[in-house]
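The values are calculated or read from the model by the stated rules, or taken from the named source; none is laboratory data. Keep in mind it's a predicted model, so treat the numbers as computed, not measured. Counting neighbours? That spans all protein chains shown, and the Cβs are built from the backbone with ideal geometry, glycine included.
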Amino acid sequence: MSFTRWTVVLIVIAASSALIIPWQLAGLVMLVILVAAAADALQVRPPPVITRTAPHIMSRGVASDLICRVEAGSPRMQVKQPVGDADLIVGEPVGDRGLASALLARRRGAHLLPPLATISTGPLGLGRWYHRVGEDHTVTVYPDLPAARRLALDVRLGRFRDDARRARGQLGLGTDLESIRDYQPDDDIRQVNWKATARIGSPMSNTFRVEQDRQIMCLVDCGRLMAAPVTANDDVSTITRLDATVDVVAAVMAVAKEVGDQVGVLAFTDQIIRMVSPRRDSEDVVLEAIHDLEPVGVDADYERAFQQVIGMKRSLVIVLTDLLDDTAGEPLVRSLPILARKHSVIVASLTDPDVERLISTPATSIDEAMQTAVAVDILEPRSLLVSRLTHRGIDVVEGDVHRLSARTVAAYLRAKRRART
């Protein structure tokens, strides 16, 4: 319970009136004001009934609606949505007699939205009561799924320029039923559809397409280098390299579902953190495995991760890591032959737009020239590492936050089209 500013004003006026009226009368007036304010606050003591509509699942960087409706007939009140987690942002956290705002998540994982805080004001406007309404609300934040699904839609509609739409095989003895037709003298006996033959009264054959579904395995580096910040999509806030990498996995998964491939994921540091074997319709399982991944302050052990997938059937392996420089990338270069002997390999890495901007923008001062020189020193060792990987037959994909997902998907579809996997 508390008093409003009007109560304070009235008490000050009553106290000042003691200069012109007996102090006993002024004190009585003040007592009456306090009693009235307390009674006014007691009128709104019962907690209000508020319905909060908030998402249980969100995508990182994509705003969702947050609606708080107050039951009709409730007293005047102010509704506030506190945020106990700095990674959740409420657009307009305070509203009168309700709240209609946007909720934005800046990091993946599970986050808590605290109960609502309300301040109800009594009918006289003298007293008010504070309430905490509702319970904690858990929000699970996934990677940027809308962007991933837009890429998949572009592939479906043929708008993706490197589109390798569902590659269906030639007719033959596969496992994908194409049609049922009349039996031909040169048909394999295994093609006979006996149920259809019995039903129609003449021999009928199944026609299959050779199954060409591919296995895609995404290897996600969660080591210390993936904790480095990069500029996010709004060009103001920052995300980690791992955040951007998980977005790439979501995009590959969405496109693979569209073209009929099987997708799995392996997250690793110096140990194996998560592993989901390639499978069809793996979206929910893969998302559950990657949505809360966080960088760990150790170096990645590529050889241990590669050993986990070397025994799989021939697949396309996408290694998502940070190509910092030639020295840091030596373990990757040394370990990749383990994979390349059996699998097709793509290495995808995020570039730093700030560094590239320094290289591409002419310097106008000594300070900018020095910054450009530092940027060159950063990019040259990275270029050497990329060259070493390329000479070993590894398809290296680079891009900033805005382009890496699309470029990785394009490389995946090119590999599929060439039937390399």
The residue from I57, I67 that alone is surrounded by fewer than 18 Cβ atoms within 10 Å (Cβ to Cβ), modelled with pLDDT of 90 or more, in contact with a Gly (Cβ under 9 Å, 6 or more places away or on another chain) and β-branched (V, I, T) is I67
key: Residue in the range 254-268 that is at pLDDT below 90 and among the aliphatic types (A, V, I, L, M) present   = yes
**Request:** Examine the range 289-311 for a residue that is among the hydroxyl-bearing types (S, T, Y) and either at pLDDT 95 or above or farther than 25 Å from E398 by Cβ (or both), and state whether such a residue exists.
**Result:** no
The number of residues in the range 310-331 that are closer than 13 Å to V220 by Cα and in a helix (DSSP H, G or I) is 0
By residue number, the members of the range 107-127 that are of a type outside the set (V, I, T) and over 15 Å from H56 (Cα atoms) are L116, A117, S120, G122, P123, L124, G125, L126, G127
Go through the residues of the range 175-185 one by one and say whether even a single one is at pLDDT below 50 and not assigned by TED's automatic domain parsing to the domain that holds Q262. yes
Reported set for the range 270-289 where residues are over 14 Å from C218 (Cα atoms) and in a loop (DSSP other than H, G, I, E, B) is D270, Q271, R280, D281
When restricted to A198, A152, the only residue modelled with pLDDT of 80 or more, outside the structural domain of T408 (by TED's automatic domain parsing) and not acidic (D, E) is A198
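Of all residues in the range 290-309, which are within 30 Å of R60 (Cβ to Cβ), assigned to a helix (DSSP H, G or I) and not aliphatic (A, V, I, L, M)?
Y302, R304, F306, Q308 - these are the residues of the range 290-309 that are within 30 Å of R60 (Cβ to Cβ), assigned to a helix (DSSP H, G or I) and not aliphatic (A, V, I, L, M).
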query = Mind checking whether some residue in the range 211-234 is farther than 30 Å from D301 by Cβ, in contact with an Asp or Glu (Cβ under 7 Å, 6 or more places away or on another chain) and at pLDDT below 90?
reply = yes
Result of the Cβ filter at 8 Å on the range 18-43, keeping first residues that are surrounded by fewer than 12 Cβ atoms within 10 Å (Cβ to Cβ) and partners that are modelled with pLDDT of 90 or more and not in a helix (DSSP H, G or I), at least 6 apart or interchain, is none
Flagged pairs (Cβ under 7 angstrom, 6 or more apart or on separate chains; first in the range 219-230, within 23 Å of L336 (Cα to Cα); second small (G, A, S) and assigned to a strand (DSSP E or B)) are V220/A267; C222/A267
Meets criteria (surrounded by 20 or more Cβ atoms within 10 Å (Cβ to Cβ), part of a helix (DSSP H, G or I) and modelled with pLDDT under 90) for L339 = yes
TODO: Could you check, for the range 390-401, whether at least one of its residues is modelled with pLDDT of 85 or more, polar (S, T, N, Q) and either more than 30 Å from A152 (Cα to Cα) or in the same structural domain as P278 (by TED's automatic domain parsing) (or both)?
DONE: yes
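For A256, are the conditions met, namely being of a type in the set (G, A, S), over 22 Å from G61 (Cα atoms) and more than 19 Å from the chain's Cα centre (by Cα)?
It is false that A256 is of a type in the set (G, A, S), over 22 Å from G61 (Cα atoms) and more than 19 Å from the chain's Cα centre (by Cα).
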Note: among V249, V265, just one is assigned by TED's automatic domain parsing to the domain that holds E398, buried (at least 23 other Cβ atoms within 10 Å of the Cβ), not acidic (D, E) and not in a strand (DSSP E or B), namely V249
